[in-house]
Amino acid sequence: NHIAIQGPGHIQGDPRIGFRRNPRAPALIEPIGCDDVRLEGFHATYATMWTIHPTRCTRVVARGLTIRSKGGNSDGIDVDSCRYVRIEDCDIDTGDDAIAIKSGRGMEGFRGAEPSEDILIRRCRLGDSNFACIGIGSEMSGSVRNVRIEDCTFVHARTNAIYIKSRPGRGGVIEDISARN
């Protein structure tokens, strides 16, 4: 609890590790079950997996980050079953979702029933080469709710700037999503 990675500086993932699959490659930064997480003012680069993946965390702030991640499943920030999250003033350009909001996968996610909720994404510059700038859902067994997107710039998107998605067998509810400017 009460952890921070604050810049300036550059965190670069080893591309040899990014290609491993068992069952998935490791994320570059992955706080799990933490309270009061602050990620601020640094540059991160990773090859083929999620760059930042807070999981089951409360009170997460990602501010002033520059993320460059190109390749297969190379999301920028994946919020997974977290509450009270702010992503502000970030510049994220990825090979997949720039930002993804998830809440567990399959029966494990459904049994845990930990939603992602009360999330604010604002003043971000977002681009992706494969899927969406902001992806909400897909892995959403615990549900996603109360997401606000404000004053963001979408510089390029492969499919959609904001994509709300599901997949058979993944369950969950998505509700109270708003976007402006």
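The values are calculated or read from the model by the stated rules, or taken from the named source; none is laboratory data. As the structure is a computational prediction, the values presented were derived from the model and not from experiment. Accessible surface areas use protein heavy atoms only, side chains included; no ligands, DNA or RNA. Shrake-Rupley method; radii C 1.70, N 1.55, O 1.52, S 1.80 Å.
Considering every alpha-carbon pair of the stretch 77-172, the percent of pairs per 5 Å bin, from zero through the bin containing the longest distance, is 3, 16, 25, 23, 19, 10, 4, 0. Take every Cα pair under 8 Å whose residues are at least 6 apart in sequence, average their separation, divide by the length of the chain, and the relative contact order is 15 percent. Note on the chain: Kirkwood hydrodynamic radius from all Cα pairs is 15.8 Å, rounded to one decimal. Given a 1.4 angstrom probe, I'd like the percentage of the accessible area of the stretch 51-104 that is carbon and sulfur, rounded to a whole number. Of the solvent-accessible surface of the stretch 51-104, carbon and sulfur hold 43 percent. Solvent-accessible surface of the chain, taken per residue with a 1.4 Å probe and all protein chains present: 46 Å².
Between Asn160 and Arg38, residue separation times 0.36 nm minus the direct Cα-Cα distance comes to 41.1 nm.
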